[in-house]
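Single-structure report; data block below.
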Amino acid sequence: MTQELWTAVDSYITDLFVQPDIALNVALQTAADAGLPPHNVSPNQGKLLLLLAQIQKVRSILEIGTLGGYSTIWLGRSLPADGYLISLEANPKHAEVARSNIARAGLSDIVEIRLGWALDTLPQIAAEGRTFDLIFIDADKPSNPDYFAWALKLSHRGTLIIADNVVRNGAVIDAASDDPNVQGIRRFNELLAAEARISATEIQTVGSKGYDGFAIAVVTGDI
């Protein structure tokens, strides 16, 4: 199996199940033109996020890590008219690009981007008394254990917690890795597995974004 084959299959799936979409395509292009790193989810992964949110009938979403707003648009489209999504972004340039993309997608009324380091803005959100139906973690990996702790605090029974990039091209199995991204994911995985108030698993993924994986968890106990 090669990256070329994975990408070709991704294209086949996308052509079948992801309809051409100007707002999403422009979001990718404007992010690339602005020099943002290509760390967005793939189109079929975006569709997966939308479907999971729709299956859960979510009305409120917290996204940790906005980048150019590509996954934000997918998630925002899952919400009813009275739903809301708060996305946290530390980089002012990324936030500016994302706000433009979200406006172009017609989601400005239900999507709010909060600028600042997530570990600073998460306590502010908690102080507002909010909880969320879905929390998507896709930011700096060394902080994933802290993001998971905050995700639990901002959850309720039934909340869906999803995290991206939990396999790291297979490097996650290397306990001796000196990569802080790998160690952050390993610690996150350990916390996820040990948490009695959730039911969780992880799925390996291959495709146009390479070899990685998603963590998917649902809160089954009282928080």
Inset, instruction - Would you please give the FRET efficiency between residue 156 and residue 109, computed as 1/(1 + (r/R0)^6) with r the Cβ-Cβ distance and R0 = 25 Å, to the nearest 0.05? - result: 0.55
Inset, instruction - Compute the accessible area per residue over segment 88-145, keeping the other protein chains in place, probe 1.4 Å, unit Å². - result: 45 Å²
Inset, instruction - With a ≥ b ≥ c taken as the square roots of the eigenvalues of the C-alpha gyration tensor of segment 41-129, please select rounded if a/c is under 1.5 and otherwise prolate if a/b is larger than b/c or oblate if it is not? - result: oblate
Inset, instruction - Under 1.5 on a/c is rounded, so check that first for segment 124-223, then, if it is not, pick prolate when a/b is larger than b/c and oblate when it is not; a ≥ b ≥ c are the square roots of the alpha carbon gyration tensor eigenvalues. - result: prolate
Legend entry - Net +/- balance of residues flanking residue 138 in space, Cβ distance below 14 Å, scoring K and R +1, D and E -1: -2
Inset, instruction - Quick one: what are the phi-derived ³J(HN,Hα) couplings along segment 164-173, Karplus 6.51/-1.76/1.60 with θ = phi - 60°, whole Hz, x for glycine and proline? - result: 9, 6, 9, 10, 6, 6, x, 5, 4, 7
Inset, instruction - Rounding to the nearest 20 debye, state how big the charge dipole of segment 94-223 is about its Cα centre with +1 on each Lys and Arg Cβ and -1 on each Asp and Glu Cβ. - result: 180 debye
Legend entry - Correct choice for mean projected area of the Cα convex hull in nm² that was computed from the model, options (i) 13.6; (ii) 25.9; (iii) 12.1: (iii)
Inset, instruction - Find the accessible area per residue for segment 1-60; the probe is 1.4 Å, ligands and nucleic acids are left out, and the unit is Å². - result: 63 Å²
Inset, instruction - State, as an integer percentage, the relative contact order of the chain based on alpha-carbon contacts under 8 Å between residues 6 or more apart. - result: 19 percent
Inset, instruction - Work through the residues other than residue 222 whose Cβ is under 14 Å from its Cβ and net out their charges, Lys, Arg +1 and Asp, Glu -1. - result: +2
Inset, instruction - Please report, in debye to the nearest 20, how large the charge dipole of the chain is about its Cα centre when each Lys and Arg carries +1 at its beta carbon and each Asp and Glu carries -1 there. - result: 420 debye
Inset, instruction - Output the relative contact order of segment 81-203, whole-number percent, from Cα pairs under 8 angstrom with separation of 6+ residues. - result: 21 percent
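The values are calculated or read from the model by the stated rules, or taken from the named source; none is laboratory data. Note that this is a predicted model, so its numbers are computed, not measured. Using ideal geometry, Cβ is built from the backbone for each residue, glycine included, and neighbour counts are taken over all protein chains shown. Side chains included, ligands, DNA and RNA excluded: accessible areas come from the protein's heavy atoms. Shrake-Rupley method; radii C 1.70, N 1.55, O 1.52, S 1.80 Å.
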